[in-house]
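What follows is a set of notes on a single structure, which appears directly below.
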Amino acid sequence: MATTELHLYRLKFIKPAQMKLFYQGLSPREFFEKVLVEKPSIGLRRNHTWHIGNIEYFDDNGGRFAVGRTTKTTVEKFDDNTGDFIEELDDSGPYTYVYFDLEYGVLAIAKKAKVASSVRLISRKIQALFSKSETIQNAGVEVRVDIIPDPDDFLKKIRTAYAIKRFVAEFTGPNPVDADELFQKPMSFYCQTLEATNGVVAVKGENLNEEAVASVAKSTAATGNNASALIQPQKGSRLVSISFEGNATKLLVDSEAHRSIILAAVRENYFSVRK
């Protein structure tokens, strides 16, 4: 069975403290939809342009789009008329698919070496494409495409530690509609009020509450942010610093599966991080 490797990212539209009047009422979902309709393109260097296209919806909240680059490449051919081998410039357009959920701003980018050497590089191109769209430029909104880190190893270490001495969680301006009420939502609005792009909160104690730390860590991962902790693995042992690994949550899907089944798998994996 042929498989496709998908990496989970979070698409964020960070609104400034003072929005332009026409765009004040737009939600992150609406920004997302408007940019897709535009199908933005950007030229990063001569004969090298990135595009978004092939927009498909599988239900009211999600679907997939293609992202790729067009370049001029030299193609070696044989000319039947002259009987000679020749070189000609031709267009090349490698692309990959990105599955998306509008409600939560989740992107699942399919790994494809012909498009870019890493999925993270593709995510940066998506961020640049969205940022250069007319809708985003006119609104003055910041676009971010951040990895949704896999928190499993971090959570295992938290839950088996003798003591949690310090916990640090990052946050950005308001965007994710499913941010938790305890931490991400209030801190994101605090960030916006101060006209900041991001921030961190650090707490210390003799032994921080394990379940509270785990809950905020999962919310932090689901919203595409990072977290770290200082733990004592066993009684009397040295303190150890831990954090998310820095790699996106990944899933393997059957390349031949129906696209709606793949999107359902993406959502299931996202919710497994969030809950």
(request) Go through the range 77-113 and give me each residue that's open to solvent by 40 Å² or more (accessible area, probe 1.4 Å), among the aliphatic types (A, V, I, L, M) and over 20 Å from residue 3 (Cβ atoms). (result) 86, 89
(request) Would you please list the contacts, defined by Cβ atoms under 8 Å and residues six or more apart or on different chains, that run from a residue in the range 189-212 that is more than 25 Å from residue 158 (Cβ to Cβ) and open to solvent by less than 100 Å² (accessible area, probe 1.4 Å) to a residue that is assigned to a loop (DSSP other than H, G, I, E, B) and at pLDDT below 90? (result) 192/15; 192/16; 192/17; 192/173; 192/174; 196/173; 197/173
(request) Considering only residues that are among the hydroxyl-bearing types (Ser, Thr, Tyr) and touching a helix residue (DSSP H, G or I) at 6+ places or on another chain (Cβ under 9 Å), look in the range 220-239 and name the one that is modelled with the highest pLDDT. (result) 228
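Of the residues 101, 84, which single one is acidic (Asp, Glu) and more than 18 Å from residue 52 (Cα to Cα)?
On the way: 101 fails: more than 18 Å from residue 52 (Cα to Cα).
Checking each option against the conditions leaves just 84.
Anything in the range 28-41 that is in contact (Cβ under 8 Å) with a residue 24 or more places away in the chain and either surrounded by fewer than 14 Cβ atoms within 10 Å (Cβ to Cβ) or more than 16 Å from residue 92 (Cα to Cα) (or both)? List them, or say none.
28, 29, 31, 32, 33, 34, 35, 36, 38, 40
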(request) Quick one: residue 233 ticks every box in (1) open to solvent by 30 Å² or more (accessible area, probe 1.4 Å); (2) within 18 Å of residue 7 (Cβ to Cβ); (3) touching a strand residue (DSSP E or B) at 6+ places or on another chain (Cβ under 7 Å) except a single one, so which number is it? (result) (2)
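Please verify whether residue 96 is more than 29 Å from residue 216 (Cβ to Cβ), hydroxyl-bearing (Ser, Thr, Tyr) and modelled with pLDDT of 95 or more, treating the condition exactly as stated. Break it down stepwise before answering.
On the way: more than 29 Å from residue 216 (Cβ to Cβ): yes; hydroxyl-bearing (Ser, Thr, Tyr): yes; modelled with pLDDT of 95 or more: yes.
Answer is yes for this residue.
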(message) Here's a check for you: in the range 113-152, which residue that is among the acidic types (Asp, Glu) and outside any loop (DSSP other than H, G, I, E, B) is farthest from the chain's Cα centre (by Cα)?
(response) 134
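Being open to solvent by less than 30 Å² (accessible area, probe 1.4 Å) and in contact with a Ser or Thr (Cβ under 9 Å, 6 or more places away or on another chain) is the filter; apply it to the range 258-275 and report the residue that is modelled with the lowest pLDDT.
Let us first name the residues in the range 258-275 that are open to solvent by less than 30 Å² (accessible area, probe 1.4 Å), namely 262-263, 265-266, 270, 273.
Imposing the further condition that a residue be in contact with a Ser or Thr (Cβ under 9 Å, 6 or more places away or on another chain) reduces the set to 262, 270, 273.
Working: 262: 96, 270: 93, 273: 89.
By that ranking, first place goes to 273.
The values are calculated or read from the model by the stated rules, or taken from the named source; none is laboratory data. What you see is a predicted model, and the numbers here were worked out from it, not measured in a lab. All Cβ positions, glycine included, derive from the backbone under ideal geometry; neighbour counts span all protein chains shown. For the accessible areas, the whole protein counts, side chains as well, though only heavy atoms, and no ligand, DNA or RNA atoms are used. Shrake-Rupley method; radii C 1.70, N 1.55, O 1.52, S 1.80 Å.
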